[in-house]
Amino acid sequence: MMDRRKNDRRTGAFFRTAEQDIERAEHQPETPQTIHPAYKLAFADSDFLTREELRPVRLQLELLKPGMLLDEQGIESTIVVFGSARIPEPGSKSERDYGEKTHEALQKNSQYYEMARKFSQIATEASKKTDCTEWVICSGGGPGIMEAANRGADDVGGCSIALNIVLPFEALPNPYVTPALSFQFHYFAIRKMHFLLRAKAVCIFPGGFGTLDEFFEVLTLIQTQRVQPMPILIFGKEFWEPVINFKALADAGTVSHSDLDLFRFVDTPEEGWKVISDWYDIS
């Protein structure tokens, strides 16, 4: 059996692993002392780890776990896809009942599901040439546009990432995500950080408050030079122009006219991929 003890390079001493001590603790005799919660190993005590005072530790764990696992999988760069969880595949109906009027509106926008799926297929063909290390599709892992993105990668036999979060609705990852690249978060802030840590492009499809939140955070970070410029693609000019009057912001002086160059409208998957491939000279 492999000796899993850790060697301390400074002393040459071997230390037992945390796993070994957890296993030993599970088989120790039961006494009033050993069964009391105070006696549990701190790192194996879920009640302790979820205490209010341990929030900084939990934040660190959520930052570390996905990053370490993505490193182990060799993921170097991603293409992030943001968009509504509500937009269905054409001809299908959402599992949630939004009402007939809303259903009709969502069906009208279902073209964007197919657009996201097709874009992901194109991007993933490029990713496959790197053995799934570069240009890996990354979504929020839910239904709607997120599902379309992961599904497109699956269609062509590639891999894709999901950064899911615990929510009252739409919490489970969609079935097209690569299982080893599917992560669940509690903290929105850490999740959004992971979206950008490896991103080389961000694609904004029609969406609601969550999509707007993610979109404007990316714009703010690039505008303030906290993140290097990258292709920011807004899919669906027809959808977005009535939603956000970017020109009015510039005309009012609250943003610079040059800030409007931080993103670009595109209307087809092929157009979107050409912007990315030209930016990075992808053959």
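The values are calculated or read from the model by the stated rules, or taken from the named source; none is laboratory data. Small disclaimer: the values here were computed from a predicted structure and weren't measured. No Cβ is skipped: glycine too gets one built from the backbone with ideal geometry, and neighbour counts run over all protein chains shown.
Can we say residue 260 is under 17 Å from residue 81 (Cβ atoms), at pLDDT 95 or above and assigned to a helix (DSSP H, G or I)? For residue 260, the condition - under 17 Å from residue 81 (Cβ atoms), at pLDDT 95 or above and assigned to a helix (DSSP H, G or I) - is not met. Among the residues here, residue 202 qualifies as under 30 Å from residue 64 (Cα atoms), surrounded by 12 or more Cβ atoms within 10 Å (Cβ to Cβ), hydrophobic (A, V, I, L, M, F, W, C) and modelled with pLDDT of 95 or more.
Cβ-Cβ contacts under 6 Å between residues 6 or more apart (or on different chains), taken from a first residue in region 186-201 that is under 23 Å from residue 275 (Cβ atoms) and aliphatic (A, V, I, L, M) to a second residue that is at pLDDT 95 or above and assigned to a helix (DSSP H, G or I), are listed as 201/276. The criterion of at least 2 residues that are more than 10 Å from the chain's Cα centre (by Cα) is met by the following strands (runs of 3 or more DSSP E) wholly inside region 139-230: 199-204.
From the list 104, 76, which one is surrounded by fewer than 17 Cβ atoms within 10 Å (Cβ to Cβ), farther than 27 Å from residue 200 by Cα and not β-branched (Val, Ile, Thr)? Being surrounded by fewer than 17 Cβ atoms within 10 Å (Cβ to Cβ), farther than 27 Å from residue 200 by Cα and not β-branched (Val, Ile, Thr) holds for just one of 104, 76, which is 104. Within region 65-91, the set of residues being of a type in the set (D, E, K, R) and more than 19 Å from residue 121 (Cβ to Cβ) comprises 65, 71, 72, 76, 86.
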